[in-house]
1. Look through segment B:292-320, keep the residues that are part of a helix (DSSP H, G or I) and more than 7 Å from chain A (Cβ to nearest Cβ), and return whichever of them is farthest from B:Thr246 (Cα to Cα).
2. Taking into account only those residues within segment B:36-56 that are buried (at least 22 other Cβ atoms within 10 Å of the Cβ) and of a type outside the set (Val, Ile, Thr), which is nearest to the other protein chains (Cβ to nearest Cβ)?
3. Out of everything in segment A:191-215 that is at the interface with chain B (Cβ under 8 Å from one of its Cβ atoms) and assigned to a strand (DSSP E or B), what residue ends up being surrounded by the most Cβ atoms within 10 Å (Cβ to Cβ)?
4. Whether any residue in segment B:279-291 is in contact with a Pro (Cβ under 9 Å, 6 or more places away or on another chain), at the interface with chain A (Cβ under 8 Å from one of its Cβ atoms) and either modelled with pLDDT of 95 or more or open to solvent by less than 10 Å² (accessible area, probe 1.4 Å) (or both) is what I want to check.
5. Examine segment B:297-313 for a residue that is touching a residue at least 60 places away in the same chain (Cβ under 8 Å) and more than 20 Å from B:Phe196 (Cβ to Cβ), and state whether such a residue exists.
6. Among the residues of segment A:172-208, what is the count of those that are under 20 Å from the mean Cα position of the chain (by Cα) and β-branched (Val, Ile, Thr)?
7. For segment A:98-153, what are the residues that are open to solvent by less than 40 Å² (accessible area, probe 1.4 Å) and part of a loop (DSSP other than H, G, I, E, B)?
There are 2 protein chains.
Amino acid sequence: MTVSLHYLGPQGSFTHQAASAAAQLIPDGGECVAAPNVPAIFDAVANGNGWGVVAWENNVEGYVVPNLDALIDAEDVAGFARVSVDVTFDALVRPGHGDLTVVRAHPHGLAQCSKFIAEHALTAEPSSSNAAACRDIAADEVALGPSICAGLYGLNVLCKGVQDFDGASTDFLVLAPREQVREQLVQAETQGVTEFESIVAFIPLSTGPGVLADLLDVIRDAGLNMTSFISRPIKGHAGTYSFIATLDAAPWQPQFKAVLNTVVAHGDWVKTLAVYPRRERPNPPVSAWMLPDGGVRLTPEDTAAGMQFEPDDDKELLWA
Amino acid sequence: MTVSLHYLGPQGSFTHQAASAAAQLIPDGGECVAAPNVPAIFDAVANGNGWGVVAWENNVEGYVVPNLDALIDAEDVAGFARVSVDVTFDALVRPGHGDLTVVRAHPHGLAQCSKFIAEHALTAEPSSSNAAACRDIAADEVALGPSICAGLYGLNVLCKGVQDFDGASTDFLVLAPREQVREQLVQAETQGVTEFESIVAFIPLSTGPGVLADLLDVIRDAGLNMTSFISRPIKGHAGTYSFIATLDAAPWQPQFKAVLNTVVAHGDWVKTLAVYPRRERPNPPVSAWMLPDGGVRLTPEDTAAGMQFEPDDDKELLWA
């Protein structure tokens with residue numbers, strides 16, 4: 001049976017592109033269905049009407065926090081796959097277009113392609129979405145949008161990849177009811193996947209200094225590698241904290257399972273938000289040349305040579 | 001002398017509203033100056049051409065990560081004040097307007113005021129910014145924008161606070177060259193401020209399990225309260241990590257100073273990004289009714305009564 005993949009519409013959004021990529025991973029195929037908003041995606045999944053695809057993290061903008069908050073709060077929805085989409089814009093035109101004088105896109109798209117717009121001396125006009133720009137394109141207009149838009153709207157590609165900066169990408173989670181998440185993960189294991197990543201939300205019921213340190217000690221002592229971490233207020237409760245960690249392990253693996261047992265025994269709230277096959281990721285050692293401008297660092301050699309703080313360090317630490 | 005306050009333009013943005021609020025805190029007054037982009041703000045501050053105001057954190061969207069990354073990487077720029085602005089939209093019209101049929105705003109503004117637009121059966125037209133919508137407003141149009149826009153563009157307020165949801169707010173940091181940040185903080189202390197918050201970036205030069213736990217142990221053992229925490233890749237280096245912590249203390253206070261000493265002695269990189277007077281913040285205890293749907297928690301009573309995990313818990317933890 002074909003599974004519905006609910007994504008944030010309109011058709012031709014980057015999320016649509018991610019849903020199309022996810023559909024190709026499904027043996028029986030998936031049908032992409034545009035949802036009017038993210039809560040509708042969670043509702044569709046929770047009600048057994050298919051799977052969902054939501055933006056999770058962008059390498060420039062960070063987490064898509066409203067979607068993170070929604071997944072923490074969702075009943076019976078979790079992620080089982082993570083799909084990455086490059087944020088690239090194609091310049092699209094109508095077949096048989098005339099002189100091109102105007103460029104249309106969502107204001108973000110216009111801002112991300114400012115060099116292309118300036119080089120071609122086009123007048124920028126905002127659209128409500130990149131997809132709307134493609135759909136409503138006139139004969140004298142260029143529309144900027146994800147590559148999926150050319151085929152969707154019958155447009156020609158004038159120029160591929162016209163964004164100012166390369167290298168931006170957005171990761172999406174594929175969501176399903178929890179029962180189906182377990183089935184998908186069992187299937188992945190049968191197909192030979194042995195390494196997984198997990199995203200887990202923790203809420204300590206006690207507060208005060210050290211709550212987070214105590215939690216991370218448990219994770220460290222289990223030898224688990226954490227690749228991302230963020231604190232968020234519990235939805236609707238300013239001044240409270242939940243912690244969301246991404247770990248290089250699956251919750252059914254003994255060390256991770258022991259961590260979850262310890263945390264629950266401590267009286268804290270825990271929920272696994274997603275488990276998916278481990279991504280190939282760079283893991284470079286941190287070298288001194290990677291460090292940002294300014295700041296303070298003493299190398300082991302500095303310390304051995306008896307080097308101390310310098311006057312400039314006071315400025316960097318603001319401690320004097 | 002009047003200080004220039006550089007903010008992300010155009011005039012009439014929420015950042016402009018934050019800069020105006022910041023200007024009122026300056027005894028000699030501040031002049032708000034629109035910058036074309038955020039790097040231009042950092043440049044102006046680093047070159048001694050005044051102060052800057054940048055968006056830092058929104059309670060719904062989370063951190064403004066590109067600004068966070070820019071501050072980590074900035075030479076000789078730090079924050080000394082934190083200003084909060086409510087994200088509210090006013091419906092503005094031209095004096096002597098005609099029949100109103102169209103509503104204009106940035107697509108985000110249109111999306112955040114969807115109920116108002118539907119109730120008044122207005123046709124939504126996107127603008128490149130809310131300010132541009134106000135500036136270019138026609139006689140049959142309503143523009144949605146921050147309250148500062150009415151005065152800036154000579155418009156009448158048709159209706160105040162037409163956003164779908166109340167309670168959203170964005171915090172901004174006021175930035176200065178580090179020498180001036182120290183002067184401002186000394187001045188705050190002379191004026192009787194005794195409690196501060198600090199935002200500090202840490203980069204461990206070693207990697208692997210436990211690096212973060214070891215760092216947080218130092219902070220816990222010093223008794224420092226942490227109110228926000230996020231990990232980020234070092235700019236341009238996927239797979240590396242920096243940690244950004246917000247703490248309830250000033251770096252010159254002995255316990256915090258000892259933490260910084262310990263971390264630097266360990267060979268890690270540290271930079272203080274901002275120090276500002278402590279905000280009044282809610283600090284409610286976490287009660288069970290605040291917890292999100294689903295998840296797993298055993299109360300001390302459960303544990304005492306010998307209660308164990310239930311079948312549903314497997315689904316929430318995905319550990320079976």
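The values are calculated or read from the model by the stated rules, or taken from the named source; none is laboratory data. For clarity, every value in this text was computed on a predicted model and none was experimentally measured. Here the Cβ is made from the backbone with ideal geometry for all residues, glycine too, and neighbour counts use every protein chain on show. Accessible surface areas use protein heavy atoms only, side chains included; no ligands, DNA or RNA. Shrake-Rupley method; radii C 1.70, N 1.55, O 1.52, S 1.80 Å.
1. So in segment B:292-320, the residues part of a helix (DSSP H, G or I) come out as B:300-304, B:311-317.
Pick out the ones that are also more than 7 Å from chain A (Cβ to nearest Cβ) and you get B:301-302, B:304, B:311-314.
On the way: B:Glu301: 34, B:Asp302: 35, B:Ala304: 36, B:Pro311: 39, B:Asp312: 36, B:Asp313: 33, B:Asp314: 35 Å.
Among residues in segment B:292-320 that are part of a helix (DSSP H, G or I) and more than 7 Å from chain A (Cβ to nearest Cβ), the one farthest from B:Thr246 (Cα to Cα) is B:Pro311.
2. Restricting attention to segment B:36-56, the residues satisfying the condition of being buried (at least 22 other Cβ atoms within 10 Å of the Cβ) are B:41-42, B:45, B:51-56.
Checking the rest, the ones that are also of a type outside the set (Val, Ile, Thr) come to B:42, B:51-52, B:55-56.
Values: B:Phe42: 11, B:Trp51: 16, B:Gly52: 16, B:Ala55: 12, B:Trp56: 13 Å.
Among residues in segment B:36-56 that are buried (at least 22 other Cβ atoms within 10 Å of the Cβ) and of a type outside the set (Val, Ile, Thr), the one nearest to the other protein chains (Cβ to nearest Cβ) is B:Phe42.
3. The selected residue is A:Ser198.
4. Step one: of segment B:279-291, the residues in contact with a Pro (Cβ under 9 Å, 6 or more places away or on another chain) are B:286, B:290.
Those still in the list that are at the interface with chain A (Cβ under 8 Å from one of its Cβ atoms) too: B:286, B:290.
Cutting the leftovers down to either modelled with pLDDT of 95 or more or open to solvent by less than 10 Å² (accessible area, probe 1.4 Å) (or both) gives us none.
For segment B:279-291, residues in contact with a Pro (Cβ under 9 Å, 6 or more places away or on another chain), at the interface with chain A (Cβ under 8 Å from one of its Cβ atoms) and either modelled with pLDDT of 95 or more or open to solvent by less than 10 Å² (accessible area, probe 1.4 Å) (or both): absent.
5. Keep residues of segment B:297-313 that are touching a residue at least 60 places away in the same chain (Cβ under 8 Å), which gives none.
No: segment B:297-313 contains no residue that is touching a residue at least 60 places away in the same chain (Cβ under 8 Å) and more than 20 Å from B:Phe196 (Cβ to Cβ).
6. Number satisfying all stated conditions: 4.
7. Taking segment A:98-153 as the starting set, the residues that turn out to be open to solvent by less than 40 Å² (accessible area, probe 1.4 Å) are A:98, A:102-103, A:105-107, A:109-110, A:113, A:116-117, A:122, A:126-127, A:129-134, A:137-138, A:141-146, A:148-150.
Once the filter is applied, which keeps residues that are open to solvent by less than 40 Å² (accessible area, probe 1.4 Å) and part of a loop (DSSP other than H, G, I, E, B), segment A:98-153 yields A:Gly98, A:His106, A:Cys113, A:Leu122, A:Ser127, A:Ser129, A:Ile137, A:Ala138, A:Pro146.
Here is a yes/no grid of residues against (1) within 24 Å of A:Ala55 (Cβ to Cβ); (2) assigned to a loop (DSSP other than H, G, I, E, B); (3) more than 14 Å from every other protein chain (Cβ to nearest Cβ); (4) in contact with a strand residue (DSSP E or B) (Cβ under 7 Å, 6 or more places away or on another chain):
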site	(1), (2), (3), (4)
A:Phe165	yes, yes, no, no
A:Thr170	yes, no, no, yes
A:Leu173	yes, no, no, yes
A:Gln180	yes, no, no, no
